[in-house]
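All remarks here apply to the structure that follows.
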Amino acid sequence: MEQLDLTPQEQRNPPATETASGTGEGGGSHAPEAPEANVTEIILPEEQIENFQLLLPMLTQLNQEERWLAWIDPPAGLVGKWQQHHGIIQHQLLILRSSAQHSAETLAEKALSAGTCHAVVLWTSGLSRHSYGRLENASVRGHSHGVILRQRQTHSQ
């Protein structure tokens, strides 16, 4: 069984620092831009949460990078269909399941902030603003993209 190293990337390999001379283009030194949070929320009707035709192109595109693609609590039916599709890089797919000890939000936050996953896809029934903000901060720390797929909330009156 392969172990996943969730040590933040900056602790494993410190980033190279650029000299004040830069690359020779422009000659001046520029302050690096602060990374932006990169979390996208997609709201689906309940009957569409396993919509293979809708999700497959997005998930396949996310799987073309060098780092891990993490799925957290995906529908079981979708996993089987996706793994049968050709062109999928299965050895870079990490499927995580939440438990009483590790909530889905905690798993997503750790995977996003570690820097080992280029994208983390979380299936959830709902997410608080606070949790969403924590995921945004984690995406900045890990230079990762988060995708939250949740069911549309029905409001009873």
Worksheet item: Of the residues that make up the stretch 86-100, is at least one more than 16 Å from the chain's Cα centre (by Cα), at pLDDT 80 or above, closer than 21 Å to residue 134 by Cα and among the aliphatic types (A, V, I, L, M)?
Response: yes
Worksheet item: Could you list, in sequence order, the residues of the stretch 108-157 that are out of contact with any His (no Cβ under 7 Å at 6 or more places or on another chain), within 23 Å of residue 57 (Cα to Cα) and in a loop (DSSP other than H, G, I, E, B)?
Response: 116, 125, 143, 152
Item to complete: Could you please tell me which pairs satisfy a Cβ distance under 9 Å, a separation of 6+ or placement on different chains, a first residue in the stretch 40-56 that is more than 14 Å from residue 75 (Cα to Cα) and in a strand (DSSP E or B), and a second residue that is basic (Lys, Arg) and at pLDDT 70 or above?
Response: 41/150; 42/150; 43/150; 43/152
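Quick one: count up the residues across the stretch 103-138 that are in contact with a strand residue (DSSP E or B) (Cβ under 8 Å, 6 or more places away or on another chain) and under 19 Å from residue 43 (Cβ atoms). Before you say what the answer is, go through the steps one by one.
So in the stretch 103-138, the residues in contact with a strand residue (DSSP E or B) (Cβ under 8 Å, 6 or more places away or on another chain) come out as 104-105, 107-108, 111-112, 116-127, 132, 135-136, 138.
Applying the additional criterion that residues be under 19 Å from residue 43 (Cβ atoms) yields 104-105, 108, 119-127, 132, 135-136.
Residues in the stretch 103-138 being in contact with a strand residue (DSSP E or B) (Cβ under 8 Å, 6 or more places away or on another chain) and under 19 Å from residue 43 (Cβ atoms): 15 in total.
The values are calculated or read from the model by the stated rules, or taken from the named source; none is laboratory data. Keep in mind it's a predicted model, so treat the numbers as computed, not measured. Note: ideal-geometry Cβ built from the backbone for every residue, glycine included; neighbour counts use all protein chains shown.
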